[in-house]
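Please treat every number below as a calculation from the coordinates, not as lab data. Everything numeric here is computed off the predicted structure, so don't read it as measured data. FYI the Cβ positions are ideal-geometry reconstructions off the backbone, even for glycines, and counts take in every protein chain you see.
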Amino acid sequence: MAHIELYNDLPGIRGLMAYRPETEAPLNFLAETLLRDDNNSLSRGERELIGTYVSYLNDCFFCQNVHGAMAGHYLGCNIDQIDRIKQDFKTAELDGKMKALLAIAASVQKGGKNVTVDQVEEARNNGATDVEVHDTVLIAAAFCMFNRYVDGLATWAPTDRQFYVNRAPQRAVEGYQSSVYK
Amino acid sequence: MAYIKLLNEELPGIVGLLNYRPETAKPLTLLAETLLRGPSTLTSGEREIIAASVSWWNNCHFCHTSHAAAAVAHYQCDLGLIDEIKKGLPNTEVSDKLRALLHVAHQVQRSGREVTEADIAQARELGATDQEIHDTVLIAAAFCMFNRYVDGLGTWAPQSREAYKEMGERMAYVGYGKS
């Protein structure tokens, strides 16, 4: 049970968003911009993978499964493949740029000051633009918020991981805002 | 010098980042405005103290000093509050409710999973409503984002607390994302 009375039985962040519509609006606006806006040189799948990895490092079950399923949907991977990336992205089948960006995301998860000039240089050497580095840092930082929000209020999450996989295609089409209630 | 080439390198902290990427600036400033100045039974001063405390625990000089300066503006007190926040407000008169909420915020800063039922029960016992607990958790979580954004891109920040006085007044009286 959540730490507070939500007056709904929606799981994870959806229950919190239904509880407090005033803060739902900017939070979903942020998620839409970071993860779904197509005016971005990182693909939706790459951005979802960053969110998934940070949620995994923060040990947030709900977020890593929602966004892992989204990443899998966009990148054409199943749960096992996404799990392998989370456990060791360095040996996974990802390009050098994505590996360098995930290393930056891992540092952000620990704390902003953990990111080093060398990590940014490595990302640049692998073809990352400044905007891509910016977006990676902001996505990683945003998931340090979303994860704490979801777990800090002890929301519940479906334990069947297939639940998240089944919802991903519709969420990919309709977006985060319209997925709160359905 | 930030890790990426900003459009205006004179703008400190998050200001330079918001200017660099207007697409993400919009939701970020709307979030800050809603959390810190929107409708809530917590005063804006209390919410800025939560924001500044979390930023201090995250070792983010720019966010700590600017949001503490916003709290100074709300309370119309002197800049000494900035250092008081670092020490956990030993010499400042604040309610027991706010102290309990600051404890919840500190747990969130460590990790969402650190918040216990006992932490929540204590806040409730000292008068916090469910919505105040909700808002405290979300403000604390949001500053774990803002702090990482500001420091993760290596932005610069003015050192002295006096340099933040005007900024704090603008944050308190004009708001976020408004010119």
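Among residues of segment A:12-27 that are in contact (Cβ under 8 Å) with a residue 60 or more places away in the chain and at the interface with chain B (Cβ under 10 Å from one of its Cβ atoms), those with a Cβ under 9 angstrom from a residue that is among the small types (Gly, Ala, Ser) and in a loop (DSSP other than H, G, I, E, B), sequence gap 6+ or separate chain, pair up as A:16/A:2. Screening residue B:99 against (1) touching a Gly at 6+ places or on another chain (Cβ under 9 Å); (2) facing chain A (nearest Cβ under 9 Å) leaves a single unmet condition, (2). Any idea which residue in segment B:35-48 is nearest to the other protein chains (Cβ to nearest Cβ), counting only those that are part of a helix (DSSP H, G or I), closer than 13 Å to residue B:136 by Cα and of a type outside the set (Gly, Ala, Ser)? Ranking the candidates gives B:35 first. Among the residues of this structure, residue B:65 does not count as one that is of a type in the set (Ser, Thr, Tyr) and surrounded by fewer than 24 Cβ atoms within 10 Å (Cβ to Cβ).
Here the condition is being surrounded by 17 or more Cβ atoms within 10 Å (Cβ to Cβ), touching a residue at least 12 places away in the same chain (Cβ under 8 Å) and either more than 8 Å from chain B (Cβ to nearest Cβ) or touching a His at 6+ places or on another chain (Cβ under 7 Å) (or both); of A:136, A:129, it holds for A:136 alone. When restricted to residues that are surrounded by fewer than 24 Cβ atoms within 10 Å (Cβ to Cβ) and more than 8 Å from every other protein chain (Cβ to nearest Cβ), segment B:129-143 contains 2. Only one of the numbered conditions (1) touching a residue at least 24 places away in the same chain (Cβ under 8 Å); (2) at negative phi is not met by residue B:10, and that is (1).
Does residue A:142 satisfy the condition of being in contact with a Phe, Trp or Tyr (Cβ under 9 Å, 6 or more places away or on another chain) and at negative phi? Spelling it out, residue A:142 is indeed in contact with a Phe, Trp or Tyr (Cβ under 9 Å, 6 or more places away or on another chain) and at negative phi. Where helices (runs of 4 or more DSSP H) fall entirely within segment A:109-182, those with at least 1 residues that are of a type in the set (Gly, Ala, Ser) and farther than 25 Å from residue A:77 by Cα are at A:130-152.
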